[in-house]
Every structure is written in structure tokens, then in C-alpha cells.
Amino acid sequence: MKKNAELFFTFLKIPIDFLTLVIAGLLAYFVRYESSVQEIRPVIFDLPFERYFIFVLTVSFFWLFFFAAAGLYSFTRRKITDELAKIILACSTGMTAVIIYMFFVREYFSSRFIVLTAWVLSIILIMIIRSIVRKIQNHTLRKGWGCHNIVVVGKNKNTEEIIYAFKNQPQLGYKIIARIEEFDEADKQELLKLKKRKGIDEIVQTDSGLSRIHSVSLADFCAEHNIIFKYAAGQFEARTTNVEVHMIAGVPLIEVRKTKLDGWGKIIKRLIDFIFSTFLIIIFSPLLIIATVLIKIEDSGPAIYKNERVNRKGTFNVYKFRSMYTRYCTGKQFTKYTDQEAVLAYEKKLTDKQSERKGPVYKILNDPRRTKIGRFMEKTSLDELPQLFNVWIGNMSLVGPRPHQPREVAKYEKHHKRVLDIKPGISGLAQISGRSDLDFNEEVKLDTYYIENWSLKLDFWIMLKTPFVVLIRKSRV
């Protein structure tokens with residue numbers, strides 16, 4: 001049932017996309033010939049509808065190949081945001097190909113209006129139609145049609161969390177039909193009966209602590225009975241998802257790489273950081289000057305706060321606009337202004353009483369040490385603008401794990417230190433997923449995922465989403 005459903009919905013997208021592209025092209029034509037549009041910009045070319053219609057049909061057919069290349073006909077269900085990004089990419093690539101073709105043949109028409117309108121309409125209409133198809137598919141999944149019948153194997157905390165997710169998120173497409181704690185002979189016979197009665201699509205081993213004998217037996221059972229086998233990675237397996245094999249003296253040596261961010265990827269990421277930070281510094285320079293003046297007017301002292309943070313090479317200074325009164329600031333920069341021991345003692349008192357975060361990293365609610373302009377800048381994240389200079393210099397990136405203070409890093413547990421594997425960033429996966437609302441362990445999980453699955457596409461998506469997260473977040477400072 002689930003295979004038929006996946007085939008049906010995936011195949012359905014092809015004729016629907018084709019029809020939608022044709023409609024977008026025709027709408028662009030009718031808009032161009034609309035009398036009100038012609039009054040503004042008269043038509044100076046001859047384009048019979050029949051000729052244009054054949055052109056649209058041909059282009060729409062070949063455009064589907066760009067959709068396929070972008071992965072829009074994959075059987076893998078992805079987040080709606082990822083699908084929308086692929087739609088924009090595919091439509092833009094297809095339209096670029098059309099423009100290049102028209103430039104060389106010069107035999108159809110030269111209306112930039114029709115071309116641009118068709119491009120915009122194709123993106124909008126495909127997005128709307130794909131969203132409708134997704135809603136229909138999610139509805140069918142909630143009704144149980146097209147779900148994967150799965151058996152869960154395990155008894156640890158991960159098992160409970162995964163079962164909860166499957167039951168409360170039917171759009172994932174999984175229906176739990178049985179749960180077993182191990183995999184002995186009795187369980188095997190029970191699963192064989194269940195397979196005949198209901199059909200088993202997948203067996204998911206959620207407990208990485210299951211004995212090796214049971215795990216191997218379970219995998220063999222799935223292979224024998226044509227059942228998909230999935231398992232939750234243990235601590236070692238999770239570290240070996242990114243490996244490289246080196247042959248030395250005929251012996252294969254496997255290198256467990258910490259991140260995909262290496263080689264040309266690292267070079268390209270640095271070039272992007274330099275170009276974008278230069279551009280943003282120029283754009284925001286008036287705002288940087290105004291903020292500096294306002295800080296100095298409200299409270300004397302340095303406008304830029306040099307906050308000592310940790311990276312894999314040691315410590316460095318992160319630049320921020322000072323959001324606190326000078327008398328409450330910590331660090332070497334303020335030793336001549338304050339009694340640092342008293343300031344640290346007061347900070348610890350506030351942390352113990354008002355911190356909203358658990359773990360080594362703290363976040364003080366309703367911090368009384370902040371200036372008026374400081375509260376505004378913290379709430380809008382304007383205090384972080386000077387970090388563009390950190391990116392420009394090269395000790396930070398636009399995207400990466402947030403750096404923490406030495407006294408916070410000193411409290412890290414062993415697995416927390418994974419976040420030091422790459423250059424820290426202004427924004428990151430954790431920041432767009434919850435910012436200060438996440439506890440530290442959740443933040444580390446997200447940063448670890450970013451480190452192990454880095455790509456330019458992921459960086460682009462985080463940068464695209466960051467401004468929206470900053471604008472809608474509710475900060476209590």
C-alpha cells in the first residue's frame with residue numbers, strides 16, 4: 001500500500017507540474033496583451049497565440065527535466081522549505097536556459113515582460129500546487145493510507161522518543177503495528193505471523209544498546225523477508241558517518257573525518273564570508289556609526305565590547321556593541337573601570353537566580369545591568385553587528401556554532417567539545433531553530449548535525465532564514 005501511494009503521488013506531480021507551467025506561460029501572454037498593460041507599454045512585436053502556445057508546450061516539457069535534476073521527483077519526503085528552495089532553483093535554471101536559447105536563435109519574440117512574468121508566475125503557481133498536493137498527501141497519511149507499517153525494536157529512552165514522534169506526527173508516514181524489546185526466537189515467529197496478517201514494511205531498531213547477536217539476527221531476518229531495516233546509530237557509528245579510506249602498503253586505513261567542511265569547501269566558504277561581510281559592513285556602516293554615538297551618549301566607556309571567546313585554536317575577541325553599563329562589564333578591557341571580582345560575583349548571583357538556560361551556558365532574564373539602548377540592541381540582535389568585522393578578519397564565519405566564553409567551555413562535557421571542530425559563526429542551525437529558548441544540549445545536537453552535514457546549500461538556507469528569525473523572536477532581556 002505504501003509503495004503504491006508513494007508511486008502515485010510522485011508520478012502525479014509530473015502532469016500537474018507540466019499543466020501548471022503551461023498555465024503560467026499562458027497567463028503571462030494574456031497579461032502582456034491586457035489593454036491596461038498595453039497602454040503603459042505598447043506591444044511592438046508580432047506573436048500569434050498559436051505559435052506561442054506551441055512554444056509554451058515545448059518549453060514546459062523540457063522544463064520538467066530541470067525539475068527532475070533538482071530532485072523534485074524524488075521519493076524521499078523533505079521539509080516544505082527545502083522543496084520550495086528547489087522549486088525556485090529549478091524554475092530559475094529553466095528560465096535561464098530559455099533566455100539563452102532565445103538570445104541565440106532570435107526567432108520567437110523579444111518581450112522581457114512575458115519572460116519575467118512567466119518566471120514569477122511559474123514559481124508562485126508551482127509552490128501553491130505543490131503545497132496543495134502535500135496537504136492532500138498528509139491528509140491521506142493521517143487516515144492511514146500510504147503509511148509505512150513498522151515494527152519498533154528497543155526499550156531505551158530513544159525508543160520512547162521515536163515512538164512518540166511517530167504517533168504524534170502522522171505526516172511522517174509511519175504506523176507502528178508492533179513493538180518488541182529484543183529479537184529472540186519467539187519474537188521472530190511473532191513477526192512472521194504479523195507479516196502475513198498485516199504486512200511489515202520496515203523494522204526500526206531504536207536501541208543502539210541491543211546485543212550484536214540480536215542486531216545481526218534482526219538484519220538477516222529483514223534481508224531474508226524483503227523488509228527495510230533501519231537502526232539508531234550508537235556513539236561510535238554516529239562518529240563514522242563521514243569517512244575517507246587511505247591505502248597504505250595495501251592496507252585500507254579509514255580516517256574518521258570530523259566534518260565535510262574541508263578542501264575546496266573550506267576555501268569557498270571563506271571567500272563567501274569575506275565578500276558578504278565586506279558588503280554588509282558597507283551597507284550597515286551608517287547604523288554602526290549611529291549605534292556607537294548612542295551608546296557613548298547614554299553611558300561613558302568603550303562602545304565596542306571585546307568579549308573573550310573560545311575556538312579550536314584557543315581564545316579570541318568577539319566584537320559586540322556594549323549593551324551593559326560600564327560598571328557591570330567583565331573582561332580585561334574593563335579592569336580600569338570596575339572591580340572585576342565584585343562584578344563577577346554579582347553576575348553569578350544573577351545567573352543562579354535568573355538564568356533561563358540549563359547547562360554551562362547561561363542567559364539572564366530581565367538583566368538589570370543593561371542600558372536602555374542595550375536592551376533594544378539585544379532584543380533586535382543589533383549588538384552583534386560588529387561581529388561582521390570578526391568575519392572579515394577571519395576568526396569567525398557568517399554561519400557556524402556560536403562561540404562561548406572560557407569559563408563556559410571549562411564546564412563542557414566531553415561530547416560538547418565537538419562544537420569546537422570548526423570556525424564559530426554569527427548565526428547557526430541552533431540559532432534559527434530556537435535561539436536562546438533551546439537548552440544547551442539541544443544546541444549542541446544541532447551544531448553537531450551542522451558540523452557533520454555541512455554544505456553550501458545549508459549555509460545559504462541558514463543565512464536566508466536568520467533575518468526572519470530575528471524579526472519574529474520574542475526576547476526577554
Quick check on this structure: which one of 322, 402, 309, 369 is surrounded by 15 or more Cβ atoms within 10 Å (Cβ to Cβ) and in contact with a His (Cβ under 8 Å, 6 or more places away or on another chain)? 309
Return the residues of the stretch 168-209 that are surrounded by 13 or more Cβ atoms within 10 Å (Cβ to Cβ) and part of a helix (DSSP H, G or I); say none if nothing qualifies. 170, 171, 172, 187, 188, 190, 191, 192, 194, 195
Out of curiosity, is residue 380 among the hydroxyl-bearing types (Ser, Thr, Tyr) and touching a strand residue (DSSP E or B) at 6+ places or on another chain (Cβ under 9 Å)? no
Residue check: is residue 475 part of a helix (DSSP H, G or I) and at pLDDT below 80? no
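Does the stretch 285-292 contain any residue that is of a type in the set (Ser, Thr, Tyr) and surrounded by 13 or more Cβ atoms within 10 Å (Cβ to Cβ)? Spell out how you get there, then give the answer.
Going through the stretch 285-292, the residues of a type in the set (Ser, Thr, Tyr) turn out to be 285, 292.
Restricting the remaining residues to those that are surrounded by 13 or more Cβ atoms within 10 Å (Cβ to Cβ) gives 292.
Yes, that holds for at least one residue.
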With the stretch 1-99 as the region, which helices (runs of 4 or more DSSP H) entirely inside it contain at least 2 residues that are modelled with pLDDT of 80 or more and surrounded by fewer than 17 Cβ atoms within 10 Å (Cβ to Cβ)? 2-32, 49-69
Restricting attention to the stretch 409-429, does a residue exist that is under 27 Å from residue 286 (Cβ atoms), part of a helix (DSSP H, G or I) and at pLDDT 80 or above? no
How many residues of the stretch 283-326 are out of contact with any Lys or Arg (no Cβ under 7 Å at 6 or more places or on another chain) and within 21 Å of residue 459 (Cβ to Cβ)? The answer is 4
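The values are calculated or read from the model by the stated rules, or taken from the named source; none is laboratory data. For clarity, every value in this text was computed on a predicted model and none was experimentally measured. Backbone-built Cβ (ideal geometry, glycine too); neighbour counts: all protein chains shown.
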